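In what follows, a single structure is set out as structure tokens and then discussed.
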Amino acid sequence: MAEASSKADQPFVDVSIIMPVHNAADWLQESLQSVLLQTFKGCMELSIFNDASKDSSMNIIQDWRQKFEAAGILMTIGGHDSDTPRGVGYAKNQAILQSSGAFLCFLDADDIMHPRRVELQYETAVQHQCAIIGCRVHREPDGSTDRYTRWINNLTPEQLTTQIYTANGPTVIMPTWLCARSVCDKVRGFNEGGKGVPEDLIFFLEHLRLGGQVIRVDEHLLTYRYHPQAATASVHRDTIWNIQLAALQDRVLVNWSKFTIWNAGKQGRRFYRDLSKENKAKVAAFCDVDAKKIEKGFYTYEESMDVPKPRVPIIHFREASPPFIICVKLVYPKMTLSSSGAK
């Protein structure tokens, strides 16, 4: 049950900060302090949903209520104390439902906003109300997930939409999102599958499918913590692969009659094997630069039940015809993938 006055009694809220909480006592103090220090001059609300925390998270939150009220920041607190949490997607949806803001700023309970985060991202969101607005991040501890952090921070505006099928997930990471409430309404909220489900990736891909935009404010506006308890640690790479492959087939390959897979090695062959039967038939060739792979002439899909088994030519990349699906490991920070994306 949310603890707040009725919405009819509240002033118009410009931005609601959406904070799901589950056993976050180790980090909450700094995260809440960062909300209090925002330079944003509009009306702001902090909407917290406690997802069955068993530590002192709720005591910490209640201790901060008076500070937020004194600063003129509305505070809405909801949650449940069941034996098990319902998951990040559920907690985000509940925090959104109980909030009032025209715009939503997402904040994980273990992260820290820089003082101008809401101000700068809100300015951009007002001008682009069909977009998810992200920002650059500082990683803590410094140097952790270094390649991934460089990828987050150095994608060009074009790459924010052309690299959506890479193994890294959303090109603007969920803890940096600020968007109009209408963006969430259009997507119909977050997947509530619970632990192991990348609810942010599912939301992100659906947002793009519906014609939404992605924009990054090129300022470091969030300290993004890395620790073993983070929810992202429970998401298996195969889950991300399967979700992105399904999206790629539904939204890209459906429009192509033929295409070439760039890489006749392990990743390219895996990509081919995981395609639908219809899309396997569209693969004109593998292309590569490795002379030994090219000398083989063909890749035979041995796992197929078809007789004869499908054989796909392996050719030099100079002989290949677009469009391409490029199945290579990303190189940081210089990334030059085609607009078809990569796995």
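The values are calculated or read from the model by the stated rules, or taken from the named source; none is laboratory data. What you are looking at is a predicted structure, and each value in this text was computed from that prediction instead of being measured. Neighbour counts are summed over all protein chains in view; Cβ atoms, including those assigned to glycine, are modelled from backbone coordinates with ideal geometry. These area figures cover heavy atoms from the full protein model, side chains too; ligands, DNA and RNA do not enter into them. Shrake-Rupley method; radii C 1.70, N 1.55, O 1.52, S 1.80 Å.
Quick notes on this one:
- Search result, residues across region 5-25 that are in a loop (DSSP other than H, G, I, E, B) and either surrounded by 18 or more Cβ atoms within 10 Å (Cβ to Cβ) or at pLDDT 95 or above (or both): 13, 14, 22, 23, 24, 25
Table: residues versus (1) among the charged types (D, E, K, R); (2) touching a residue at least 40 places away in the same chain (Cβ under 8 Å); (3) assigned to a loop (DSSP other than H, G, I, E, B); (4) surrounded by fewer than 17 Cβ atoms within 10 Å (Cβ to Cβ).
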site: 242; (1), (2), (3), (4): no, no, no, yes
site: 246; (1), (2), (3), (4): no, no, no, yes
site: 249; (1), (2), (3), (4): no, no, no, yes
site: 269; (1), (2), (3), (4): yes, no, no, no
site: 303; (1), (2), (3), (4): yes, no, yes, yes
site: 312; (1), (2), (3), (4): no, yes, no, no
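- Flag for residue 45 being farther than 14 Å from residue 109 by Cα, at pLDDT 95 or above and charged (D, E, K, R): yes
- Scanning region 271-288 for residues that are closer than 16 Å to residue 302 by Cβ, open to solvent by less than 10 Å² (accessible area, probe 1.4 Å) and touching a Pro at 6+ places or on another chain (Cβ under 8 Å) yields a single hit, 286.
- Taking the numbered list (1) outside any helix (DSSP H, G or I); (2) more than 24 Å from residue 137 (Cα to Cα); (3) at pLDDT below 95; (4) not hydroxyl-bearing (Ser, Thr, Tyr) in turn, residue 238 passes all entries but (1).
- The set of residues in region 234-261 that are charged (D, E, K, R) and closer than 20 Å to residue 287 by Cα contains only 258.
- Selection count where residues are open to solvent by less than 20 Å² (accessible area, probe 1.4 Å) and among the charged types (D, E, K, R), scope region 105-149: 2
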